[in-house]
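Down below is the structure, laid out as structure tokens.
What follows is calculated from the coordinates using simple rules that are stated; it is not laboratory data. Quick caveat: nothing in here was measured; it's all calculated off a predicted structure. As a convention, Cβ positions derive from the backbone with ideal geometry for all residues, glycine included, and neighbour counts pool all protein chains shown.
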Amino acid sequence: MEDAAYRKRHEESYEFFKLEVQLLNALEKKHWTYSDLAKAMGTQKSAISRDLMGHGLQKASMDRIAKMAEALGLRFMPFCVAESKAKQALPLIQKLVAV
């Protein structure tokens, strides 16, 4: 990935993909469907489908992602890390996340 702009878009998109995988894995562990999650959140199945398919989380609000996580027994914890420390922090964080 020589193009810096492309690389940045890819890395940002990949982070949302990993979050989506965490949510989908939590759904699977609970043996829930999108309908079950929608019911727990008081929303429509179509909204869950929109959020968990094809880059939908990139458009979802942090509040909505937090509500999804909470319904699945997870806690959504957005935070910032200094760019200079990101590569050191990532392995430590990955050990803690629900994957």
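Data overview
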quantity	calculated
Counted charge near Q94, where neighbours are those whose Cβ lies closer than 13 Å (Asp, Glu -1; Lys, Arg +1)	+2
In Hz, Karplus ³J(HN,Hα) per residue of the stretch 45-61 (6.51, -1.76, 1.60; θ = phi - 60°; x = Gly, Pro)	4, 4, 5, 5, 4, 4, 6, 9, 10, x, 6, x, 5, 5, 9, 6, 6
Most mobile of A89, A71, A60 in a GNM of the chain (Cα contacts under 10 Å)	A89
Crossing angle, helix 62-71 versus the chain [Cα axis fit, 0-90 degrees, rounded to tens]	50 degrees
Rg to Rh quotient for the chain, alpha carbon positions, Kirkwood Rh	1.00
Ranked list, fewest to most other Cβ atoms within 10 Å of each Cβ, for I48, I93	I93, I48
Set of aspartates and glutamates near K18 by C-alpha distance (under 14 Å), chain-local residues within fewer than 8 positions excluded	D51
Computed over the stretch 4-96: relative contact order in percent, which uses C-alpha pairs under 8 Å that are six or more apart	24 percent
